[in-house]
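The values are calculated or read from the model by the stated rules, or taken from the named source; none is laboratory data. Please read all numbers here as calculations on a predicted model, not as lab measurements. Cβ atoms come from the backbone with ideal geometry, glycine included; neighbour counts cover every protein chain shown.
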Amino acid sequence: GAVVSQHPSRVICKSGTSVKIECRSLDFQATTMFWYRQFPKQSLMLMATSNEGSKATYEQGVEKDKFLINHASLTLSTLTVTSAHPEDSSFYICSAILAGVGETQYFGPGTRLLVL
Amino acid sequence: AQSVTQPDIHITVSEGASLELRCNYSYGATPYLFWYVQSPGQGLQLLLKYFSGDTLVQGIKGFEAEFKRSQSSFNLRKPSVHWSDAAEYFCAVALMEYGNKLVFGAGTILRVKS
């Protein structure tokens, strides 16, 4: 149980294009999902908290207009990197909290984004 | 401010030897503590967690961790390491008053030599 998937697993795009990453909780409902970014040889940095049916809460320094987050249902959150640039290349990981339990985050396998 | 410190960036142990990965935290309230493992290019897998109760927590893959409030520590241990344990290990504390946001340590890369 508590499986989280991400799609795509890796994506290469040209500078200036937008990329959408999906995060799904496969066997549970997730009231809250989180989006992280991980640079090579570094830890995970929280980008934003996504609550179903409401606007995402972004961490300080994260551009809301660049990283659009939508949490349309209890099993799906999407992160769209708009007008991507090479410095946006990174490993993006989502996590989800099991509704009604609240304490443990279950992580997706991550999406490797490379912007050329 | 809340923080998590993993003082060892890299650790190398021989297969079959015991392992201890250190984690210290700075947090005003009673912490919820986690250890996650990450293989290269993969997401994070939960090894174990501490919320309350018994301070010695058993996890998956033969790992355990002990919460020591007096030392603000939550060290991860395994009595006998297997080559498949080679990965990066992250300690994290959940900020309950901020919607369960996790603050991660910098990670410890474990290498296992045969």
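Observations, loosely collected:
- Residues that are closer than 25 Å to B:Val112 by Cα and without any contact (Cβ under 8 Å) to a residue 24 or more places away in the chain within the range B:57-76 comprise B:Val57, B:Gln58, B:Ile60, B:Gly62, B:Glu64, B:Glu66, listed in sequence order.
- Selection status of A:Thr80, surrounded by 14 or more Cβ atoms within 10 Å (Cβ to Cβ), among the β-branched types (Val, Ile, Thr) and more than 12 Å from chain B (Cβ to nearest Cβ): yes
- Scanning the range A:1-38 for residues that are more than 13 Å from A:Thr75 (Cβ to Cβ), hydrophobic (A, V, I, L, M, F, W, C) and either in a loop (DSSP other than H, G, I, E, B) or at the interface with chain B (Cβ under 10 Å from one of its Cβ atoms) (or both) yields a total of 1.
- Restricting B:Glu88, B:Glu64, B:Glu97 to residues that are out of contact with any helix residue (DSSP H, G or I) (no Cβ under 7 Å at 6 or more places or on another chain) and exposed (fewer than 12 other Cβ atoms within 10 Å of the Cβ) narrows the list to B:Glu97.
- Residues (in contact (Cβ under 8 Å) with a residue 24 or more places away in the chain, assigned to a loop (DSSP other than H, G, I, E, B), β-branched (Val, Ile, Thr) and closer than 30 Å to B:Phe51 by Cβ) located in the range A:58-103: A:Thr75
- Failed criterion for A:Lys41 (all others in (1) in contact (Cβ under 8 Å) with a residue 40 or more places away in the chain; (2) of a type outside the set (A, V, I, L, M); (3) farther than 28 Å from B:Ser52 by Cβ; (4) at the interface with chain B (Cβ under 10 Å from one of its Cβ atoms) hold): (1)
- Per the conditions (1) surrounded by fewer than 16 Cβ atoms within 10 Å (Cβ to Cβ); (2) under 12 Å from B:Ala106 (Cα atoms), the sole criterion not satisfied by B:Gln6 is (1).
- Filtered by the rule that a residue be within 16 Å of B:Gln71 (Cα to Cα) and either modelled with pLDDT of 95 or more or under 15 Å from the mean Cα position of the chain (by Cα) (or both), the range B:1-25 gives B:Ser3, B:Val4, B:Thr5, B:Gln6, B:Pro7, B:Glu20, B:Leu21, B:Arg22, B:Cys23, B:Asn24, B:Tyr25.
- Pairing each residue of the range B:84-104 that is more than 30 Å from B:Thr12 (Cβ to Cβ) and in contact (Cβ under 8 Å) with a residue 40 or more places away in the chain with any residue that is surrounded by fewer than 19 Cβ atoms within 10 Å (Cβ to Cβ) and of a type in the set (A, V, I, L, M), provided the two are 6+ apart or on different chains, yields C-beta distances under 9 Å for B:Leu95/B:Ala29; B:Met96/B:Ala29; B:Glu97/B:Ala29.
- Single residue of the range A:83-100 satisfying the filter (within 10 Å of chain B (Cβ to nearest Cβ) and over 9 Å from the mean Cα position of the chain (by Cα)) that is farthest from B:Tyr36 (Cα to Cα): A:Phe91
- Among the residues listed as A:Leu26, A:Leu74, the single one being modelled with pLDDT under 95 and surrounded by 15 or more Cβ atoms within 10 Å (Cβ to Cβ): A:Leu74
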